[in-house]
1. Of everything in the range 117-134 that's in contact with a helix residue (DSSP H, G or I) (Cβ under 7 Å, 6 or more places away or on another chain) and assigned to a loop (DSSP other than H, G, I, E, B), which residue is surrounded by the fewest Cβ atoms within 10 Å (Cβ to Cβ)?
2. Applying the selection to the range 79-104, what residues are over 21 Å from residue 44 (Cα atoms) and surrounded by 15 or more Cβ atoms within 10 Å (Cβ to Cβ)?
3. Could we say that residue 97 is out of contact with any strand residue (DSSP E or B) (no Cβ under 7 Å at 6 or more places or on another chain) and either more than 18 Å from residue 17 (Cα to Cα) or part of a strand (DSSP E or B) (or both) here?
């Protein structure tokens, strides 16, 4: 499905933490610029739809699962090139977990985003130097959140 990138798009993504807290679910993708990349699950916010509702809806549509205890982690502005085309989006990033523990098995699984076949897998929250995480700034946002949590616990 062709995507109109002539306008700024508003997205809602969910960083879905694994119960062990060391991984989060991501969609594995490929572009001309990056043979392998990760991005959180989620998608476009519909007109009149709050970003949190969009994140919940997208997780239900993509994984047939329930986003539990979602909270806004932050907002990123992402200007990028994908397959040679300029893109621009404002991304609301939510943090949460899945009610269904088996929605994403350890080995990952296929899912469909609209008509597009996709793959979901687990990524270390500490990052993976071999596979970039998009949107730009998300890895740093996640690391800052985790560092604040460790500081609050005194660890």
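Coordinate-derived values only; no laboratory data. Only a predicted model underlies this, so the values are computations on that prediction, with no experimental measurement involved. Quick reminder, even Gly has a Cβ in these numbers, built from the backbone with ideal geometry, and neighbours come from all protein chains shown.
1. This residue is 127.
2. Listed by number, the residues that qualify are 103, 104.
3. Criteria not met by residue 97.
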